[in-house]
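The values are calculated or read from the model by the stated rules, or taken from the named source; none is laboratory data. Note that the structure is a prediction, hence the values are computed from the model and not measured. Note that each Cβ is placed from the backbone with ideal geometry, even for glycine, and that neighbours are counted across all protein chains shown.
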Amino acid sequence: MEIEFCGAARQVTGSKHLIRINGKQILLDCGLFQGHRRQAAEQNKTFPFRANEIDALVLSHAHIDHSGAIPLLVKNGFNGPIYCTHATEDLCSVMLRDSAFIQERDAEWIAKKGKDENAEPLYTENDVYKAMSLFRSVNYHQDVRISADISFSFQNAGHILGAAMEAWEVKDRDTGKNIRFGFTGDLGRSGLPILKDPEQLEGLDALITESTYGDRLHDEIEAVEMHLEKEIHEAYQRGGKILIPAFAVERTQEILYILRNLIHRGRIPHIPIFIDSPLATSATEVFKLHPECFDADLCDLLNSGGDPFMDGEGVKFTQSVEESKALNNFPGCAIIVSASGMCEFGRIRHHLFNNLENPKTLVMIIGFMAQHTLGRKLVEHEDPVNIFGEPLANNAETVIYNAFSGHADQRGLLDFSAKAGSDLKNIFCVHGEAKQMDTFVDALRKLPNTKNAQIAGPIPGDIYELTTDGDFQKSHKFNTQSRNLIPIDGEKEGVGES
């Protein structure tokens, strides 16, 4: 058995992990790289493996950095089953079409501006339709058998609607070892609104875990509501726009739910709220189809006839470009929630372009911003910032709320690992930038059940092989194409291992 790390290795995007076992090649996630636009475009064009040799794809959740390259995989020859939960399939059906639409429009714009007359999207909506025909959605906890000696089940990850972690049971023919390994996907947090809390994988021999926030603790959601109340009141008094860049899936619905509660309790005024993202509108409809994912509080609200997302209750879901543009001339204060979450694409860039130089504007950051994104530049208070090729003075007030993160923080990640197996032999930390990952690796070494484990922070192209001792050892082989596609500045091979 081999594990090759093809993406989200010492990075937080482009999740792809390739398992080779008993003649099968199984891909865990197939996401797009996000970040510096030109670099990400180059990284996304090519896979460091042959798509037509992949036997099955197992998808943890619908976020584009985990699912966004699936249509391209199919376009390049993949024709196997794509396993995911029911909610993930429904979300992918709208999110991947939206991704294709954006790419097609971007290619048209690039060609029209004369930057590249041969510009083409990575994939089209037709490619998405072909990909969706391969989806095979299953229930949580259902046993899924890839072959007689390879099976897995999904457990609730609590990250976004339908998000799953995976518990794998395999018998490796080469070593004769029975191995139980887990993959967290993106591990969620306990106590957040809307979704059930994440479950716990147990009895593992090996674990592939995310480490996005492996170096910090999140604020509690209750404390953040007080800060929200204060900041919104101040923006309302000065008559400024309140811009909230938000992922169309989960974060938009979560902020709507919290704003609803603040308004209904009289803690903030009835400010007009606009959800300016067609994808968020479609995703909100998908949410309503999957009450099996909701926590008890939301189920009680629904059973009482309440609408957690305030549709028709002071909230307007815009659709057309004309409706979006009209918000530029909206008088007075308004809350505009718009995608994309990292401000790299979509309508939020237009709202920032039109409002960032106004000191009355409030920008509320409620999600993770990857390196080199416009969102990260706002977090770091860069001034000026370039939007659509123009430098803009960053005069807006920017506030950052870590409590909204759908990722477990260091405490949550460590608690999960501490309960994942009494004698974990191998832990692979992925989906984290170098600083966060290295801090988390050091913390893992102090847990009683992992102090003797081999803990690695793989870099792109690293391959680990299962030995007859039941351990995964780093192979002398590595994938040169991954190294070249996804350079990690300043990193050395083997960093983060023990």
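Looking at Ser153 and the list (1) outside any helix (DSSP H, G or I); (2) surrounded by fewer than 23 Cβ atoms within 10 Å (Cβ to Cβ); (3) more than 24 Å from the chain's Cα centre (by Cα); (4) on the phi < 0 side of the Ramachandran plot, which single condition is not satisfied?
(3)
From the set of residues in segment 206-239 that are assigned to a loop (DSSP other than H, G, I, E, B) and surrounded by 18 or more Cβ atoms within 10 Å (Cβ to Cβ), which is modelled with the lowest pLDDT?
It comes out as His218.
Quick one: is His290 modelled with pLDDT of 90 or more and surrounded by fewer than 15 Cβ atoms within 10 Å (Cβ to Cβ)?
Working: modelled with pLDDT of 90 or more: yes; surrounded by fewer than 15 Cβ atoms within 10 Å (Cβ to Cβ): no.
Judged against the criteria, His290 is not a match.
Restricting the search to segment 442-465, which residues are β-branched (Val, Ile, Thr) and within 19 Å of Ala418 (Cβ to Cβ)?
Thr450, Ile455
Exactly one condition in (1) in contact with a His (Cβ under 8 Å, 6 or more places away or on another chain); (2) of a type in the set (Gly, Ala, Ser); (3) at positive phi is false for Ser405; which is it?
Only one criterion is unmet by Ser405, namely (3).
Anything in segment 334-357 that is assigned to a loop (DSSP other than H, G, I, E, B), surrounded by 19 or more Cβ atoms within 10 Å (Cβ to Cβ) and modelled with pLDDT of 95 or more? List them, or say none.
Leu356, the sole residue that qualifies.
Of all helices (runs of 4 or more DSSP H) completely enclosed by segment 366-485, which ones contain at least 3 residues that are farther than 30 Å from Gly239 by Cα and at pLDDT 95 or above?
Values: elements: 374-379, 410-420, 434-444, 480-485.
In segment 366-485, 410-420, 434-444 are the helices (runs of 4 or more DSSP H) which contain 3 or more residues that are farther than 30 Å from Gly239 by Cα and at pLDDT 95 or above.
Among the numbered criteria (1) more than 28 Å from the chain's Cα centre (by Cα); (2) assigned to a helix (DSSP H, G or I), which single criterion is violated by Ile268?
So Ile268 meets the others, but not (2).
In segment 293-302, which residues are modelled with pLDDT of 90 or more, surrounded by fewer than 21 Cβ atoms within 10 Å (Cβ to Cβ) and not aromatic (Phe, Trp, Tyr)?
Across segment 293-302, the qualifying residues are Asp295, Ala296, Asp297, Leu298, Cys299, Asp300.
Can you tell which of His66, His86 is in contact with a Gly (Cβ under 6 Å, 6 or more places away or on another chain) and not β-branched (Val, Ile, Thr)?
His66
Here are Asn126, Asn76, Asn118: which of them is surrounded by fewer than 18 Cβ atoms within 10 Å (Cβ to Cβ), closer than 23 Å to Gly7 by Cβ and over 22 Å from the mean Cα position of the chain (by Cα)?
Sole residue among the options that is surrounded by fewer than 18 Cβ atoms within 10 Å (Cβ to Cβ), closer than 23 Å to Gly7 by Cβ and over 22 Å from the mean Cα position of the chain (by Cα): Asn76.
Give me a count of the residues in segment 63-84 that are aliphatic (A, V, I, L, M) and touching a strand residue (DSSP E or B) at 6+ places or on another chain (Cβ under 8 Å).
Step one: list which residues in segment 63-84 are aliphatic (A, V, I, L, M), which gives 64, 69-70, 72-74, 82.
When the remaining residues are screened for being touching a strand residue (DSSP E or B) at 6+ places or on another chain (Cβ under 8 Å), the result is 69-70, 73, 82.
Of the residues in that region, 4 qualify.
Quick test for you: out of Leu32, Leu18, Leu27, pick the one residue that is outside the structural domain of Phe368 (by TED's automatic domain parsing) and in contact with a Cys (Cβ under 6 Å, 6 or more places away or on another chain).
Criteria check complete, one pass: Leu18.
Could you pull out the residue among Cys6, Cys84, Cys30 that is within 21 Å of the chain's Cα centre (by Cα), surrounded by 24 or more Cβ atoms within 10 Å (Cβ to Cβ) and not in a strand (DSSP E or B)? Before you say what the answer is, go through the steps one by one.
Values: Cys6 fails: not in a strand (DSSP E or B); Cys84 fails: not in a strand (DSSP E or B).
The unique qualifying residue is Cys30.
Which residues, counting only those in segment 151-196, are closer than 23 Å to Asp65 by Cβ, touching a Leu at 6+ places or on another chain (Cβ under 9 Å) and among the charged types (D, E, K, R)?
Once the filter is applied, which keeps residues that are closer than 23 Å to Asp65 by Cβ, touching a Leu at 6+ places or on another chain (Cβ under 9 Å) and among the charged types (D, E, K, R), segment 151-196 yields only Glu166.
Looking at segment 33-57 only, could you name the residues that are assigned to a helix (DSSP H, G or I) and not acidic (Asp, Glu)?
Selection gives Arg37, Arg38, Gln39, Ala40, Ala41, Gln43, Asn44, Lys45, Ala51, Asn52.
Out of Ala107, Ala111, which single residue is at pLDDT below 95, over 25 Å from Gly162 (Cα atoms), buried (at least 17 other Cβ atoms within 10 Å of the Cβ) and over 22 Å from the mean Cα position of the chain (by Cα)?
When all the criteria are applied, what remains is Ala107.
Which numbered condition in (1) in contact with a Phe, Trp or Tyr (Cβ under 9 Å, 6 or more places away or on another chain); (2) under 30 Å from Ile459 (Cβ atoms) is the only one that Leu256 fails?
(2)
Which members of segment 240-287 meet the condition of being basic (Lys, Arg) and at pLDDT 95 or above?
Quick first cut of segment 240-287, residues basic (Lys, Arg) only: 241, 251, 260, 265, 267.
Answer for segment 240-287, where residues must be basic (Lys, Arg) and at pLDDT 95 or above: just Lys241.
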